[in-house]
Amino acid sequence: MKLIRTALLVLVLLVAAWFGVRYVWEILPIYIYSEPQAEATNASQIPVLMYHKISPDLKSGGLGMRVTPARFNLQMQYLAKNGYHTVPLTELTDFIKGNKTLPSKSIIITFDDGYLDNYKYAFPILKKYGFTAAVFVVTDYIGKTNEFDAAKKLQMVNQLLGWNEIDQMSDYGITIGAHTLKHVSLTDITLPEARYEIENCKLVLEEHLKTPIEAFAYPYGHYNSQLKEIVRKSGYTIAVTTDQGLVTPESDPYAIKRVRITGNYDLRKFINEL
């Protein structure tokens, strides 16, 4: 064991000399933990991972909502090497109803807001490992920037996905979900206004993609029982929140909990969240 650790240390030092310290900082967790074996995920508990931005650019925002591509690649590499496989988000509906069993180590990957970096950085990594995901887009801002957050100084200005990128991701098998028209907090507006946001976002996506849009994400994670009912009556089969937790057969399909992944998580922290 001591010999193995020494060899790993030498390898890390050589990589540091060749690629630089910053690169090594990103890959270090995988050497420290030597790809630890994950415990088999109980098929009755499914993690739904929540990401926002996947970008190396410090100007795009802090690590609370940004994961570097190098770290995201390590996370996906770990999942692939340890037998995890992604399933479409919409399959959770049948899982919760008891109409479908999901294999051991099933996992779901989601991205909120529809940042362009999801296409530029995350999409190639997902394809490399044969993974799929769900991306929730704000339809009034497709091809624009995230002014819904930037104007309120909640986030740095970031470019969002355009229709061309959305089409390519959808064609590959990425689930495109609705995140309202304008990314407003639905609990801060009237119910008729909320219904308009929820229904028309779905219509815009369905008109363009020519496929049913079944998944919804509540902006800022703000929801209540009345909003859940509007989402259900609007034709969605599943809605995700920002509440922390795993999905079980007892979960509410219109209040799905997720596991938030930040850029501060090393590999061990990521594994512990699964």
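Numbers for the structure displayed
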| item | result |
| --- | --- |
| Considering residues of the stretch 218-236 that are part of a loop (DSSP other than H, G, I, E, B) and buried (at least 21 other Cβ atoms within 10 Å of the Cβ) only, the residue nearest to the chain's Cα centre (by Cα) | TYR218 |
| Matching residues, the stretch 190-213, being among the aliphatic types (A, V, I, L, M) and either at pLDDT below 95 or surrounded by 15 or more Cβ atoms within 10 Å (Cβ to Cβ) (or both) | ALA194, ILE198, LEU203, VAL204, LEU205, LEU209, ILE213 |
| Qualifying residue in the stretch 149-168 (condition: surrounded by fewer than 19 Cβ atoms within 10 Å (Cβ to Cβ), free of Cβ contacts under 8 Å to residues at least 24 places away in the same chain and either within 17 Å of the chain's Cα centre (by Cα) or more than 28 Å from ASN224 (Cα to Cα) (or both)) | yes |
| Residue match in the stretch 96-118 (condition: modelled with pLDDT under 95, over 23 Å from ILE261 (Cβ atoms), part of a loop (DSSP other than H, G, I, E, B) and charged (D, E, K, R)) | yes |
| Total residues in the stretch 115-159, condition within 15 Å of PRO219 (Cβ to Cβ) and among the basic types (Lys, Arg) | 1 |
| Considering residues of the stretch 178-193 that are outside any loop (DSSP other than H, G, I, E, B) and touching a Ser or Thr at 6+ places or on another chain (Cβ under 8 Å) only, the residue farthest from THR145 (Cα to Cα) | LEU186 |
| Residue check, ALA40 at pLDDT below 55 and under 29 Å from ASP112 (Cα atoms) | yes |
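The values are calculated or read from the model by the stated rules, or taken from the named source; none is laboratory data. Just so we're clear, the structure is a prediction, and the values are computed from it rather than from any experiment. So basically every Cβ, Gly included, is an ideal-geometry build from the backbone, and we count neighbours across all protein chains shown.
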